[in-house]
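Heads up, the thing below is written out as structure tokens.
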Amino acid sequence: MDDYAVLSDTELAAVLRQYNIPHGPIVGSTRKLYEKKIFEYET
Amino acid sequence: TSQKHRDFVAEPMGGKASGGAWPGIGDALGKRLEEGGFDKAYVVLGQFLVLKKDEDLFREWLKDTCGANAKQSRD
Amino acid sequence: TSQKHRDFVAEPMGGKASGGAWPGIGDALGKRLEEGGFDKAYVVLGQFLVLKKDEDLFREWLKDTCGANAKQSRD
């Protein structure tokens, strides 16, 4: 999960779009949730 | 809906404490939410809005943040 | 207050687009907000609530997110 922490918000949003994961803006209170969603998608 | 739910919706969102006062969220979960900085109803409402009112995302966030199970997060 | 402000507060928060329709936020800043995922007024409201309605924090966030200057973020 940690390797997503190095991504910028813009990069993270691009991965969410690439994986077609529904999402809102990446802010402090949502970032962890979206990193988890990507991790789950990739695993 | 439960009495708790009726009480909750009866008062304005502005000053609502979170924690045990919420339908579905008992004292234990409410405590964890407060520890996570979500100590007022409007802050959790803000999180729902920032998640673009997506119920699935919101429920998942609630589960991750305070361990709410499916029923609790639905309530 | 500006006409833009009066128009903005006149309609319900629910469906409001963000962008140029906001007092203080012109098309350019609105575009950047939308690119950041804040494409509706209620999402930005959500961020304000999550920041616990702290105006200084919110203005700082607005500056970081779309480059709003002091006057624009105050408006």
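A short reminder: the numbers here are calculations on the coordinates, not readings from a lab. A quick note: this is a predicted structure, and the numbers were derived from the prediction, not measured. Please note: Cβ atoms are built from the backbone with ideal geometry, for glycine as well, and neighbour counts cover all protein chains shown.
Does any residue in the range A:12-37 that is within 13 Å of chain C (Cβ to nearest Cβ) come within less than 7 Å, Cβ to Cβ, of a residue that is assigned to a loop (DSSP other than H, G, I, E, B) and hydroxyl-bearing (Ser, Thr, Tyr) six or more places away or on a different chain, and which pairs are these?
Listed by first residue and then by second, the contacts come to A:24/A:30.
Out of all the residues in the range C:25-68, which are under 22 Å from residue A:10 (Cβ atoms) and surrounded by fewer than 17 Cβ atoms within 10 Å (Cβ to Cβ)?
Result: C:26, C:27, C:28, C:31, C:32, C:35, C:57, C:60, C:63, C:64, C:67.
Please enumerate the residues belonging to the range B:20-75 that are without any contact (Cβ under 8 Å) to a residue 12 or more places away in the chain, acidic (Asp, Glu) and out of contact with any helix residue (DSSP H, G or I) (no Cβ under 7 Å at 6 or more places or on another chain).
The answer is B:35, B:54, B:55, B:56.
If you take the residues of the range B:23-54 that are more than 12 Å from the chain's Cα centre (by Cα) and among the charged types (D, E, K, R), which of them is farthest from the other protein chains (Cβ to nearest Cβ)?
So the residue we want is B:35.
Does the range A:1-10 hold any residues that are part of a helix (DSSP H, G or I), exposed (fewer than 13 other Cβ atoms within 10 Å of the Cβ) and more than 13 Å from every other protein chain (Cβ to nearest Cβ), and which are they?
Just the residues of the range A:1-10 that are part of a helix (DSSP H, G or I), to begin with: A:2-4, A:9-10.
Next cut, exposed (fewer than 13 other Cβ atoms within 10 Å of the Cβ) only: A:2-3, A:10.
Answer for the range A:1-10, where residues must be part of a helix (DSSP H, G or I), exposed (fewer than 13 other Cβ atoms within 10 Å of the Cβ) and more than 13 Å from every other protein chain (Cβ to nearest Cβ): A:2, A:3.
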